[in-house]
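Contents: one structure, followed by commentary.
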Amino acid sequence: MAGLFEKKKHGGSAVALDEVEVSILRSLAVQLLELVGPGEEPVEGEDPLAALFAEGPSEPPSDVALARLFPEAYTGPGTDPDDKDLREASAEFRRFTENDLRGRKREDALAVVRTLDSLGAKGDGGTVLELAAADARHWLGTLNDLRLTIGTRLEVTDEDESGELYRLLDDDPRKPMVMAYLWLGALQESLIETLMP
C-alpha cells in the first residue's frame, strides 16, 4: 500500500489504488457509517425544517470511539470532572450540535463510498482515484474520522506514533489495524499537501 495522493496539473488530487486498497477503504467507510448510526429522517407530513431544530443527546456516547468522534465541548483533561457548570454547558452544546455533526460525518463517509463504488478497475486490477477539490473535503473528514476511530480502538497515544506501532511483530493481532491506521495517516497527509497552494 504505497499509493499517496498527488496534485493534478489542472487542480484536484489523484491516487493510484489497487483492488485491495479500494476494498479496505470502502469497508472502513461502511463500518464508520455503521458506527455513527443512521440519520434521523423527518416524519412524513412534518415540517422538514423541524429536523434542523431537533435536539440531540445531552450525554456523551458510552463507546470510546464515538466519544472520540463526538468529544465533550467544555470538559476534558485539565478540567474538574465534578464541575457542574462545565458538565451542563457541555450537555447543552452537545444537545444542539451532535445531530448536525453526525449528519456531516455520514455525508462524508457516504461520499467516500460512492466515489469508490464509481471507480472502474483497470486491466491490472488497479485504478486511479481522482478527486476535485470539493470532494477532497469529504475524503479528509472521513480519513480523519477513521484514524481517530482506529487510533482509539488501538489506544494510540502521541508517544506511540514514533515507537511501538512501527515495531509490532507480524503475529501481533493489532498489526493489520496498525497498518491501516498508518496508511490512512499517509493518505490524509498527502491529500492535505495536494490542497495547499
- line: Of the accessible area of the stretch 138-197, computed with a 1.4 Å probe and all protein chains kept, carbon and sulfur make up a percent value of 55 percent
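With a 1.4 Å probe and all protein chains left in place, how much accessible area per residue does the stretch 92-197 have, in Å²?
So the stretch 92-197 comes to 56 Å² accessible per residue, rounded to a whole number.
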- prompt: How far is helix 175-195 tilted, in degrees, relative to the longest principal axis of the Cα atoms in the chain, given as a value from 0 to 90 rounded to the nearest 10?
  reply: 90 degrees
message: Could you put Lys8, Lys175 in order of accessible surface area, largest first, with the 1.4 Å probe and the full protein assembly present?
response: Lys8, Lys175
task: Compute the Cα gyration tensor for the stretch 82-197, then decide on rounded, prolate or oblate, letting a ≥ b ≥ c be the square roots of its eigenvalues: rounded whenever a/c is under 1.5, prolate when a/b is larger than b/c in the other cases, and oblate in all that remain.
output: oblate
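The values are calculated or read from the model by the stated rules, or taken from the named source; none is laboratory data. Model, not experiment: these values are computed from the prediction. All accessible areas refer to the heavy atoms of the entire protein, side chains included, with ligands and DNA or RNA removed. Shrake-Rupley method; radii C 1.70, N 1.55, O 1.52, S 1.80 Å.
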